[in-house]
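S.K.: This is the structure I want to talk about, given as structure tokens.
The values are calculated or read from the model by the stated rules, or taken from the named source; none is laboratory data. Bear in mind the structure is a predicted one, so any value in this text is a computation, not a measurement. Every residue, glycine among them, receives a Cβ derived from its backbone with ideal geometry; neighbour counts consider all protein chains shown. Note: areas computed on protein heavy atoms with side chains; ligands, DNA, RNA excluded. Shrake-Rupley method; radii C 1.70, N 1.55, O 1.52, S 1.80 Å.
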Amino acid sequence: MSGELLVDLDEAGRRLSLCRRSVQQLVYDGALPSVKVGRSRRIPVIDLEAYVNGLREANDRGDVE
């Protein structure tokens, strides 16, 4: 992973293997934090990692379908 702190929705989708629309929905639902930079929406890379870790923990607990 590069040294970027923020990524756009397309890059977040690539990193999560999701489409842009799915990332937008995660942001809208509050499951994935984002920040506004000017008129653009960006996702902190640390929050992508936290989201994936949360999914992993939920899987380990059996909380996902």
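S.K.: Identify, please: which residue in region 50-65 is open to solvent by 80 Å² or more (accessible area, probe 1.4 Å) and assigned to a helix (DSSP H, G or I) and is, among those, farthest from residue 4 (Cα to Cα)?
M.R.: 61
S.K.: In the set 22, 34, 40, which member is within 9 Å of the chain's Cα centre (by Cα), open to solvent by less than 80 Å² (accessible area, probe 1.4 Å) and among the polar types (S, T, N, Q)?
M.R.: Result: 34 is the single residue among 22, 34, 40 that is within 9 Å of the chain's Cα centre (by Cα), open to solvent by less than 80 Å² (accessible area, probe 1.4 Å) and among the polar types (S, T, N, Q).
S.K.: Within region 1-17, how many residues turn out to be open to solvent by less than 70 Å² (accessible area, probe 1.4 Å) and within 14 Å of residue 51 (Cα to Cα)?
M.R.: Total satisfying the criteria: 3.
S.K.: Please state which of the following conditions residue 47 fails to meet, knowing it meets all the rest: (1) acidic (Asp, Glu); (2) part of a helix (DSSP H, G or I); (3) in contact with a helix residue (DSSP H, G or I) (Cβ under 7 Å, 6 or more places away or on another chain).
M.R.: Going through (1) acidic (Asp, Glu); (2) part of a helix (DSSP H, G or I); (3) in contact with a helix residue (DSSP H, G or I) (Cβ under 7 Å, 6 or more places away or on another chain) one by one, residue 47 breaks only (3).
S.K.: Assess whether residue 47 counts as being of a type in the set (Asp, Glu) and either in contact (Cβ under 8 Å) with a residue 12 or more places away in the chain or in contact with a His (Cβ under 9 Å, 6 or more places away or on another chain) (or both).
M.R.: Taking the combined requirement at face value, the residue satisfies it.
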